[in-house]
Amino acid sequence: MDIVKRLEEYRERERSLGWEGTFSQYFEIVTQRPSVAQLSHERIYNMLVAAGTETTKLGEPRYNFFSDEIFGIERPLQQIVEYFHSAAQRLEVRKRILLLMGPVGGGKSTIVALLKRGLEEYSRTEAGAIYAIRDCPMHEEPLHLIPAEMRADVEKEYGIYIEGELCPKCRWMIEHDFNGEIERVPVKRITLSEKQRTGIGTFAPSDPKSQDISELVGGIDLSTIGDVGSESDPRAYRFDGELNISNRGMMEFVEMLKVDEKFLYVLLTLSQEQNIKTGRFSMIYADEVVVSHTNEHEYQAFVGNKKSEALQDRIILVKVPYNLRVSDEVRIYEKLLGQSALKSVHIAPHTLRIASMFAILSRLEPSKKSGMSLMKKLKLYDGEDMEEFKQKDVKELQDEATREGMEGISPRYVINRLSSALVREGVACINPIDALRALRDGLDQHTSISRDERERYLAFIAQARQEYDDMARNEVQRAFVYSFEESAHTLLNNYLDNVEAYCNKVKVRDPITEEDMDPDEQLMRSIEEQIGIVENAKKTFREEILIRISSLARRGQQFSYTSHDRLKEAIEKKLFADLRDVVKITTSARTPDPEQLKKSNEVISRLISDHGYCPVCANELLKYVGSLLNR
Ligand SMILES: Nc1ncnc2c1ncn2[C@@H]1O[C@H](COP(=O)(O)OP(=O)(O)OP(=O)(O)O)[C@@H](O)[C@H]1O
Ligand SMILES: [Mg+2]
Ligand SMILES: [Zn+2]
Ligand SMILES: [Zn+2]
């Protein structure tokens, strides 16, 4: 890195972020770069698009802006972007409040937080640059200084659209401090910041009795009211409510439908007329996005209430259901675990996948399609094709479901359960069985779960467990037959040496002790029995093998374990039977024979080196598969 260059860039950026000038200079800037005067919805839309888009396998757009943090729920994100798109064109939707509705822990707050953080960063870039009247409490658009009579001409000549009136404070200031000379009014570049209460705000419901409307729209300034004498003097007023400070950017309205009605009326005027009604003043223009969230239950109550009809009309509803794809759910857990204090604990392979299967099963709606079990649906949604169902069926399944993803187990629940399993004393590692156990135990503590639901959930845990059993078996087999060719080759040579000696009625020489020994009848039989060769038939079989070897040899070819189909089958079966034994010895108390012990250790070290296991979960996996095979 070129430190000097980087420092220069840094200084340059800080300089441009700290720009201050007069209104006439600002007007120059606007004529050259009209985007600095864009309205809040347009700014946010441009921010979303600037991060880039991709197209999903199903041909839908995916917005990079969200894609590092939000997984598996493209639909609501598309709807949100569409809302900003139309609002950016100053269509009627701009005058509506965006309301995200969905189940607990489904990512609503995360989406809003991303928008807020994104806007903070975007305002620091050139494309998102934003300027304000320096001393305005609502950091308003300096173009408001241009008198109404002149605006049509400005628009005609420069193509600059101006919307909104000066706030009472600025109006007072122009009159008293600047003698009407607006070109002299100081303007500065601002960066939006929630911490500094510039352009980004949050309003959360609290105790309805004590919550005051001034939190939203500002109120009388008790420290100056004595000096200025009148409540209608703007100097006696603080324009510091959340709606005031969010001007130019956005305000998050947490759990909007939980607040007292009087707050909702303020919102109604804001959305209808782009105005905030404050104290003794005429309406104050505000340009801001209001994003809110709520759960389904409250939303239904709200919709059922006649009194709220006017506001209902002013709301754009976006449903934010749970993610329904296993692999995306795994990413959610990885993200959440990465943020938690549990980073040092080892998570065995498949653990998150199995936990997420349980969660997703709980969110799916049964399909009417014949033969479509929930587990099959889960796999299809996750991109896996089966013999009878393919990806082309996904659309139909989605259309058939009515409120899929609006209920079930939340990612937060799963992570809380995993955490409680992880913090158990001395736990160095957690595997899929631990995870399922933790999830099951959690159901008992969860008082809001009904009996029927509990039964259903237990069945899902059982299904997830079955999936795991298959995975575990495959995993061990994979690790065991890693050097399958080699093991098969060794076993074959061993067999052939013995067969040769048997047929020629000679002894076999032990390669290590160099002793001459009788052919190992037990070894030969253990292989032959795999393909059902009875005692009486063994001689014929062995001779047949020898004949094959010599006929191949005459043609200059070597006999390998694939040269003879039945022998090949016998060797493979024998190897798998050995696997069973190897796996079994790890569960039995008997002292294993050294050969088996060696093999089992090899499997364990392969699981560790190639498949992401630690010594703890590798041993447990073998033990577990052993118990499966013993059944
Ligand atoms: N689809 C998703 N992609 C990424 N993370 C998610 C997703 N759904 C939930 N999460 C994560 O789960 C946690 C809970 O989500 P969040 O707090 O945003 O939910 P919420 O909908 O606001 O819930 P509540 O109704 O309880 O306020 C967050 O850490 C969030 O990042
Ligand atoms: Mg929330
Ligand atoms: Zn102002
Ligand atoms: Zn482990």
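The values are calculated or read from the model by the stated rules, or taken from the named source; none is laboratory data. For clarity, every value in this text was computed on a predicted model and none was experimentally measured. Using ideal geometry, Cβ is built from the backbone for each residue, glycine included, and neighbour counts are taken over all protein chains shown. Heavy atoms of the whole protein, side chains included, go into the accessibility calculation; ligands, DNA and RNA do not. Shrake-Rupley method; radii C 1.70, N 1.55, O 1.52, S 1.80 Å.
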Residue among 133, 160 that alone is among the aliphatic types (A, V, I, L, M) and either within 16 Å of ligand 4 (Cβ to nearest atom) or touching an Asp or Glu at 6+ places or on another chain (Cβ under 6 Å) (or both): 133
Matching helices (runs of 4 or more DSSP H) fully within segment 365-469 where at least 1 residues are within 16 Å of ligand 4 (Cβ to nearest atom) and either open to solvent by 10 Å² or more (accessible area, probe 1.4 Å) or small (Gly, Ala, Ser) (or both): 411-422, 432-445
Residue in segment 348-364 that is more than 19 Å from the chain's Cα centre (by Cα) and away from ligand 1 (no atom under 15 Å from the Cβ) present: yes
Subset of segment 101-139 that is within 16 Å of ligand 1 (Cβ to nearest atom), of a type outside the set (A, V, I, L, M) and in a loop (DSSP other than H, G, I, E, B) - its residue that is surrounded by the fewest Cβ atoms within 10 Å (Cβ to Cβ): 105
Qualifying residue in segment 614-622 (condition: of a type outside the set (Asp, Glu), farther than 30 Å from residue 427 by Cα and surrounded by 12 or more Cβ atoms within 10 Å (Cβ to Cβ)): no
In segment 31-76, the residues that are away from ligand 2 (no atom under 16 Å from the Cβ), under 21 Å from residue 251 (Cα atoms) and touching a Pro at 6+ places or on another chain (Cβ under 9 Å): 37
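Which residue is nearest to residue 327 (Cα to Cα), if the candidates are limited to segment 406-431 and must be of a type outside the set (D, E, K, R) and within 16 Å of ligand 2 (Cβ to nearest atom)?
Going through the qualifying residues, I end up with 411.
Can you name the residue in segment 140-150 that is assigned to a helix (DSSP H, G or I) and among the hydrophobic types (A, V, I, L, M, F, W, C) and is also nearest to ligand 2 (Cβ to nearest atom) among such residues? Lay out the reasoning, then the answer.
First, pick out the residues of segment 140-150 that are assigned to a helix (DSSP H, G or I): 142-145, 148-150.
In the following step, the residues that additionally are among the hydrophobic types (A, V, I, L, M, F, W, C) were identified as 143, 145, 148, 150.
On the way: 143: 36, 145: 39, 148: 42, 150: 45 Å.
So the residue we want is 143.
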In segment 318-338, residue farthest from residue 92 (Cα to Cα) [restricted to those that are within 16 Å of ligand 2 (Cβ to nearest atom), of a type outside the set (Lys, Arg) and outside any loop (DSSP other than H, G, I, E, B)]: 336
Failed criterion for residue 150 (all others in (1) farther than 30 Å from residue 333 by Cβ; (2) of a type in the set (A, V, I, L, M, F, W, C); (3) open to solvent by less than 30 Å² (accessible area, probe 1.4 Å) hold): (3)
Residue check for residue 320: open to solvent by less than 30 Å² (accessible area, probe 1.4 Å), modelled with pLDDT under 90 and out of contact with any Ser or Thr (no Cβ under 6 Å at 6 or more places or on another chain): no
Neighbours by Cβ (under 8 Å, 6+ apart or cross-chain): first from segment 24-53, within 15 Å of residue 142 (Cβ to Cβ); second among the aliphatic types (A, V, I, L, M) and open to solvent by 50 Å² or more (accessible area, probe 1.4 Å): 35/127
Any chance residue 74 is without any contact (Cβ under 8 Å) to a residue 24 or more places away in the chain and within 16 Å of ligand 1 (Cβ to nearest atom): yes
Residue count for segment 507-539, restricted to those that are open to solvent by less than 90 Å² (accessible area, probe 1.4 Å), at pLDDT 90 or above and not charged (D, E, K, R): 11
Residue 53 vs. criteria more than 20 Å from residue 189 (Cα to Cα), among the polar types (S, T, N, Q), surrounded by 13 or more Cβ atoms within 10 Å (Cβ to Cβ) and touching a helix residue (DSSP H, G or I) at 6+ places or on another chain (Cβ under 8 Å): yes
Every residue from segment 248-277 that is among the β-branched types (Val, Ile, Thr) and surrounded by fewer than 24 Cβ atoms within 10 Å (Cβ to Cβ): 254, 259, 266, 269
Sole residue being within 12 Å of ligand 1 (Cβ to nearest atom), on the phi < 0 side of the Ramachandran plot and part of a strand (DSSP E or B), chosen from 297, 293: 293
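Residues checked against (1) in contact with a Gly (Cβ under 9 Å, 6 or more places away or on another chain); (2) in contact (Cβ under 8 Å) with a residue 60 or more places away in the chain; (3) open to solvent by 30 Å² or more (accessible area, probe 1.4 Å):
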residue	(1), (2), (3)
164	no, yes, no
169	no, yes, yes
177	no, no, yes
183	no, yes, yes
197	no, no, yes
201	yes, no, no
205	no, no, yes
211	no, no, no
214	yes, no, yes
In segment 49-93, the residues that are among the hydrophobic types (A, V, I, L, M, F, W, C), assigned to a loop (DSSP other than H, G, I, E, B) and modelled with pLDDT of 90 or more: 51, 70, 71, 73
Members of segment 230-247 found to be in a loop (DSSP other than H, G, I, E, B) and open to solvent by less than 10 Å² (accessible area, probe 1.4 Å), listed by number: 239, 241, 246, 247
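Could you check how many residues of segment 500-527 are within 60 Å of the chain's Cα centre (by Cα) and in a helix (DSSP H, G or I)?
Total satisfying the criteria: 7.
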Qualifying residue in segment 408-427 (condition: touching a residue at least 40 places away in the same chain (Cβ under 8 Å) and over 22 Å from the mean Cα position of the chain (by Cα)): yes
Count - residues of segment 62-100 that are buried (at least 21 other Cβ atoms within 10 Å of the Cβ), within 18 Å of the chain's Cα centre (by Cα) and either within 16 Å of ligand 4 (Cβ to nearest atom) or within 22 Å of residue 40 (Cα to Cα) (or both): 6
